[in-house]
1. What single numbered condition from (1) at pLDDT 90 or above; (2) touching a Cys at 6+ places or on another chain (Cβ under 7 Å) fails to hold for residue 297?
2. Against the definition (among the aliphatic types (A, V, I, L, M) and surrounded by fewer than 20 Cβ atoms within 10 Å (Cβ to Cβ)), how does residue 104 come out, yes or no?
3. Condition first: in contact with a Lys or Arg (Cβ under 7 Å, 6 or more places away or on another chain) and surrounded by 18 or more Cβ atoms within 10 Å (Cβ to Cβ). Now tell me which residues in region 112-130 satisfy that.
4. Could you tell me which residue of region 197-238 is surrounded by the fewest Cβ atoms within 10 Å (Cβ to Cβ), considering only residues that are outside any helix (DSSP H, G or I) and of a type in the set (Ser, Thr, Tyr)?
5. Pick out the one residue from 269, 282, 311 that is modelled with pLDDT of 80 or more and within 22 Å of the chain's Cα centre (by Cα).
6. Go through region 288-335 residue by residue and tally those that are assigned to a strand (DSSP E or B) and either in contact with a helix residue (DSSP H, G or I) (Cβ under 9 Å, 6 or more places away or on another chain) or under 20 Å from residue 218 (Cα atoms) (or both).
7. Going through region 170-196 one residue at a time, which ones are of a type in the set (Gly, Ala, Ser) and either buried (at least 23 other Cβ atoms within 10 Å of the Cβ) or at pLDDT 90 or above (or both)?
8. If residue 161 passes every condition in (1) β-branched (Val, Ile, Thr); (2) under 26 Å from residue 31 (Cα atoms); (3) modelled with pLDDT of 85 or more; (4) part of a loop (DSSP other than H, G, I, E, B) but one, which one does it miss?
Amino acid sequence: MLHVFSRLCCQTAHVGRNWASISYSMQRNLSAEVQSNRSLAQVNGKEASAFLQGLVTNDMNHLLEGATSMYSMMLNTQGRVVFDTIIYKRHEESYLVECDREKLDHLVRHLKMYKVRRKIDIKPLEDFSVWAVFEPELDMDSITQVDVESLYLNPKAESEVLLHLKDTVSDVIVTRDPRMKYLGHRLVVPDKSHITDIVSDVELGKEIFKFLRYKLGVGEGLQELPPTKCLPLEANLDYLHGVSFHKGCYIGQELTARTFHTGVVRKTLSCPPISLVELSTLAYDTNIINEKGKSVGKVRGIEGQYGIGLLRVKECLAAETLKANDMVVKTFRPPWWPIEASKEKMN
């Protein structure tokens, strides 16, 4: 059942732990890349968790019960996405909200607008950066259905931190990416420290994390998930552990719950991924046309031979040929999509 997936949140590593005792279960080549397009806002205070609970799609109890990070979105009153976020628990009564860098000021204003008389402090978190540490050479064919089922149905089996971390830096948050394990780990790091002070044996500077996201069909940020233009389930929020259908009310809940229970999601903003037959670039909002000359989607981003877009899933997967500006493109169902997905979303 779909609602099972929405409540899962991987167990993660915590600030202040002795990292010297952690090592690889397998030696792997890792890349580390600063997420320069992402920023952080800090929410402090005794009422911080209750405050965020009424604004985000996911359940803050995940963080109260031991998780360190949680994927979520903030919606407007019409149930459309305003911010895609990862929320980190820094310590008791302190949370960090990650968002698109260009939307940080908007996020702070949004939070303060709903603060009312709550005893909380909201401000941008300066002097900290978000890093992704991941396996750059992900073999899509190696992702088996057993692997996918273990990810969704038994996340604790996948919760071991595989990074080789040093014990010389404090005030660092290390967590498995809460969206899916194939995206690796997220690190919140003080700017005065360098990633090599924290993680050994990593390659820097290749700028390939976006390629990995596109290869997996995971969208994020201002361009890929245009604010107020898409519904959360169109961005696969349910499949990426970003929504709870059992928590109390939050802004935008009504339409999200209705869409979920009807089981009809005809188009998505990030899946299925786009694969280009020839390496090239396609402009933002380029139409994708099927063999009948009908537009079945628009490009939202291209990196190398992979991209994501606003696509009508059924038409894209059923099309004999797809073209964008006379360039042949293909779409495919990513292996992490659960087989229990609704027919309208998968067929």
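The values are calculated or read from the model by the stated rules, or taken from the named source; none is laboratory data. In this text, all values refer to a predicted model and were calculated from it rather than measured experimentally. Backbone-built Cβ (ideal geometry, glycine too); neighbour counts: all protein chains shown.
1. Residue 297 satisfies all of (1) at pLDDT 90 or above; (2) touching a Cys at 6+ places or on another chain (Cβ under 7 Å) except (1).
2. It is true that residue 104 is among the aliphatic types (A, V, I, L, M) and surrounded by fewer than 20 Cβ atoms within 10 Å (Cβ to Cβ).
3. Matches in region 112-130: 122, 130.
4. Among those residues, the one meeting the criterion is 228.
5. One residue alone meets the criteria, 311.
6. The total comes to 21.
7. 184
8. Here residue 161 meets the rest and fails (3).
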